[in-house]
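Some notes on the structure that comes next.
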Amino acid sequence: MKTNVLYRILTVMVVFAGLVVWQGCKPKAPASVSMGDAATKTYVPPGKYDEFYNVVSGGFNGQMSIYGLPSGRLFRIIPVFSVFPENGWGFSEETKPMLNTSHGFVPWDDLHHIALSTTKGEHDGRWAFGNANNTPRVARVDMKTFKTMEILELPNSGGNHSSPFITENTEYVVAGTRFSVPVGDKTDVPISTFKENFKGYISFISVDPTEGEMKIAFQLKTPGVSFDLARAGKGKSHGWFFFSTYNTEQAYTLLEVNASQKDKDFIMAVNWKKAEEYIAAGKGEKVKAKYAHNVYDESSHTSTSEMMNEVLQLDPAVLKDIIYFIPCPKSPHGCDTDPTGEYIVGSGKLAALIPVFSFTKMQQAIANKEFEGEFAGIPVIKYEAALHGEVKKPGLGPLHTEFDANGNAYTSFFVSSEIVKWNVQTLEVLDRVPTYYSIGHLSVPGGPTAKPHGKYVVAYNKITKDRYLPTGPELTQSAQLYDISGDKMKLLLDFPTTGEPHYAESIPAELIMPNSVKIFKLEENKHPYAALGEGQAKVERKGNEVHVYMTAIRSHLTPDNIEGVKLGDDVYFHVTNLEQDWDVPHGFAIKGANNAEILIMPGETSTLKWKPLSTGVFPFYCTDFCSALHQEMQGYIRVSPAGSNVPLKFSTGKIEDQSSGAGQ
Amino acid sequence: MKALKPISRWLVALAAVLMVSAYFVPLWQILMWAPQYPEGLEMDIWINTITGDVKVISALNHYIGMKHIEVEMFPEFDYMVYIVGFLIGFGLLAALINRRFMLWAFCLLLVGTGIAALVDFWLWGYDYGHNLDPTAAINIPGMTYQPPLIGTKQLLNFTAFSGPDLGGWIFMGSGALLIGTLVFEIYSSRKK
């Protein structure tokens, strides 16, 4: 008995001691405090400006946002693919056509990637392009007004992920489909006929060099795979474009497993100059396609949507030398070209190494016909023949690579949650820093250009967890800023981001700031319903439509008393902001409106449509605190029953004689 | 009467010719700053018009009942071109006639015109700052808003500055040149 008790006591003691030892051996939680002079490096004193504009995709909010670096402060959200009740984007009559598609009005999308326009491979500060991942489209934002000027839909695409990457001189914006889809007359087909009926399409959108207007120049009919990301060649590889592909297994279900079977998928190299030659030789085929082209006109402050009906296509399986495949390990995601244009980095998201391809070797391999076979009629270059080398054991789950001006690359690793710095020439890993948590894209200012600005790298993370004060199950997104000016990367700043940022670019403030528009000139306002002075304010009836030509200036709306509207009427408030002073927008909202408010910038005209559903007197007011007497900037509109004989009248500042107006 | 020295004759002509600049550059400027206008607002007075942030200034001033500034408010803009033209012509004539009394006359004419212009500007400023709309939103008893004639003055949230612009400085330069020439003439003839 006794020995039994002793044995038990001993056992408990051993277990306890073991627990203590085990606790002591537990690894500590990752250190997350930045060190040294980080605070002074990100501190922008009051009244001073950030060094960089950071143009960030909004992901599932469908917009672009503008931050400052190194402060990480959010300046603005530019509405692009999603309605924005805050300023009336997609609600005002002028902006509704911008969200028109071949599927009708689409109020939401998912904006993943940013491309800032370049000239000779360097940032020129003119436009920012963004892609719609869900209903395939590309948008162009003007960097003078930070306004979406154009949205072009893409036919024969199932999800525009591999977009909107641009060529060296912004000749083309590309759009590769993430989903291959059945196209043409044969779209009602069994999903299981994927290999036979599903096609992938890559669109090359030409950009007008002065106005920026976009047009689908041609589409390449490519095998039914998924296109993920892309980068243009530059310098010596200008004229080529590189796309990463996955699902070369051509699976149509449980892609998690079925698209991860092959050891290697492909980087697709496109010789677009060759494609241009074929088009010049009349080898393109015009194919019926329905897609919307929406353009915003700065002078009329109004957009129009045009439905296009055909697209020019090339079939690279027939027209040789446009496309080559390069094998790339394990479902490559990022496909990035270095500043010289010589190296193409493929990041297999399931790979444990990073292959770096050489453009020169690839050209030799094509010349020497070093092919390992064909895929859907397209030659596949031998892996070794195009390979510059592999970065060994860089981390787990490489996604994207950006570059600095000193020959270094920075690759994000989702699984091992880190940024790894390595040398493009020697392929040697130089440094690694953790990110919080699970980084997706990363961005070095000028990182995708021929002349990176360097200095910082920003991590756009996919998981936030404990980085900020918690706000319930739904959290803000997490970004980190690192200093890359030295040998070692240094964490400087954590900052929350809105939407769900994917890719972002940064550009020196001096390339944007001097061109930023302050007001729209009233004398250049060509809006058909503009009232360019209070004397032009009026109310007109056209059948069931009542058009109010309204003006707004500190601190009154003209007219601010309107009568004679009847039930069944559609009332259009065309509000012109008469201010010609910087940062004096006016807003307009009316009680019970089933849409939103409108914000009208100085010199601009914007229209809110209102359909009254009951009789009575409805208040309206200015929604943007414009002046000391902003709260006085309000008015009334009277709605009478259908068929009533209340005359149409309007005024501002007119005090009526009570005895005459009574009883009407 | 005494003839002028050749150098003086040239200086008189130069003073007259310099005044031609009045047709090409602004003569006077009014600058305003407020907490919400750190970049400042500017009003430039030319020989026949006013430019700059006139609309913005008018929009702000309507709260205290000041008149909307319009070019039509100023009859001066209709005849200032002729006055300056006359001055230039008179100066060239003085150089041509080449007598000291003409230099005296030109000097006095120019100074007299300058004083008259300032008096006229002050009178306008007095009316603009005092003659306020009684129904204005902001009415501070006893407060008037006459802009400074020359120099800086605080008016509610605005700091206002008034002073010569490039054309005004050239005008004053012409005046200084003439007075200098006159002094030189008198001094050098006494020496003899």
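Throughout, read-outs are computed from the coordinates displayed, never taken from laboratory work. Every value quoted in this text rests on a predicted model; they were computed, and no experiment measured them. For neighbour counting, all protein chains shown are included, and Cβ atoms are generated from backbone atoms with ideal geometry for every residue, glycine included.
Once amide H atoms are placed 1.01 Å from N in the peptide plane, what residues at a sequence separation of 5 or more from A:Gln477, or on another chain, have their amide H within under 5 Å of its amide H? Those qualifying (amide H under 5 Å, at least 5 residues apart or on another chain) are A:Thr497. Annotation: amide H-H contacts under 5 Å for A:Asp110 (H modelled 1.01 Å from N, sequence separation of 5 or more, or interchain): A:Asn133, A:Asn134, A:Thr135. With the simple spin-label model, which puts each label point 7 Å out from Cα in the Cβ direction, the B:Asn139 to A:Gln261 separation comes to 8.8 nm. FRET efficiency for the A:Thr40 to A:Thr498 pair, using the beta carbon distance and R₀ = 30 Å, is estimated at 0.70. When only alpha carbons of the range A:163-289 are considered, Rg and Dmax amount to 15.7, 47 Å.
If I stretch the segment between A:Gln425 and A:Gln634 completely, what's the gain in nm (0.36 nm per residue apart, minus their alpha carbon distance), one decimal?
Length gained between A:Gln425 and A:Gln634: 68.6 nm.
Taking every residue in B:55-65 and counting other chain Cβ atoms within 10 Å of its Cβ, the average works out to 3.
Under the definition of Cα pairs under 8 Å and six or more residues apart, what whole-number percent is the relative contact order of chain B? Result for chain B is 35 percent.
Compared with the rule-of-thumb size 2.2 N^0.38 Å for a compact globular protein, chain A has a Cα radius of gyration ratio of 1.13. Is the shape of the range A:453-529 best called rounded, prolate or oblate, per the rule: a/c under 1.5 gives rounded, else a/b larger than b/c gives prolate, else oblate, with a ≥ b ≥ c the square roots of the Cα gyration tensor eigenvalues? Taking the square roots of the gyration eigenvalues as a ≥ b ≥ c, the range A:453-529 is oblate. Reported to the nearest whole Å, the Cα centre-to-centre distance from the range B:29-64 to the range A:294-328 is 50. Distance between the pseudo-spin-label points of B:Tyr23 and B:Leu149 (7 Å out from Cα toward the beta carbon): 3.1 nm. Peptide A:267-279 has a mean of 0 when you count, residue by residue, the C-beta atoms of other protein chains within 10 Å of its C-beta.
Judged by the mean number of other Cβ atoms found within 10 Å, the most tightly packed of the peptides A:465-476, A:580-591, A:398-409, A:160-171 leads the ranking A:160-171, A:398-409, A:580-591, A:465-476. Counted over the range A:530-664, the DSSP beta bridges are approximately 70% antiparallel. With the highest mean first, a sort of the peptides B:154-164, A:348-358 on other beta-carbon atoms found within 10 angstrom per residue produces A:348-358, B:154-164. Given R0 = 22 Å, the distance between the Cβ atoms of A:Glu285 and A:Gln250 translates into a calculated FRET efficiency of 0.35.
Once backbone amide H atoms are built at 1.01 Å from N, A:Lys147 has A:Asp142 as its partners under 5 Å, excluding neighbours fewer than 5 places away on the same chain. What the phi angles of the range A:95-104 give under the Karplus curve with 6.51, -1.76 and 1.60, with θ = phi - 60°, is a coupling list of 9, 3, x, 5, 9, 6, 9, 5, 9, x Hz, glycine and proline written as x. In sequence order, the range A:641-650 has phi-based couplings of x, 4, x, 6, 9, 5, x, 6, 8, 7 Hz under the Karplus curve 6.51 cos²θ - 1.76 cosθ + 1.60, θ = phi - 60°, and Gly or Pro positions carry x.
By the combined test of axial Cα extent (at least 15 Å) and Kyte-Doolittle hydropathy (mean at least 0.5), the qualifying DSSP H helices of chain B come to B:6-18, B:76-97, B:100-130, B:166-191.
For a modelled paramagnetic label at A:Lys518, 7 Å from Cα along Cα-to-Cβ, the residues of the range A:569-585 in reach, with backbone nitrogen under 19 Å, are A:577-585. Which whole-number percent gives the relative contact order of the range A:304-352, counting Cα pairs below 8 Å spaced six or more residues apart? Reported as a whole number, the value is 28 percent. Across all directions, the shadow cast by the convex hull of the range B:6-191 built on its C-alpha atoms averages 12.2 square nanometres.
For the range A:524-653, the average shadow cast by the Cα convex hull is 7.5 nm², which is a quarter of the hull's surface. The calculated 222 nm mean residue ellipticity attributable to helices in the protein assembly as shown amounts to -6000 deg cm²/dmol, summing -39500 (n - 2.57) over DSSP H runs of n ≥ 4 and dividing by all residues. Here the spin labels are modelled as points 7 Å beyond Cα on the Cα-Cβ line, and at A:Leu613 and B:Leu166 they lie 6.2 nm apart. Each DSSP beta bridge with both residues in chain A is either parallel or antiparallel, and the antiparallel ones are about 90%.
For the range A:537-551, the Karplus equation 6.51 cos²θ - 1.76 cosθ + 1.60, evaluated at θ = phi - 60°, returns couplings of 5, 6, 10, 10, 9, 10, x, 8, 9, 10, 9, 9, 8, 10, 10 Hz by residue, with Gly and Pro reported as x.
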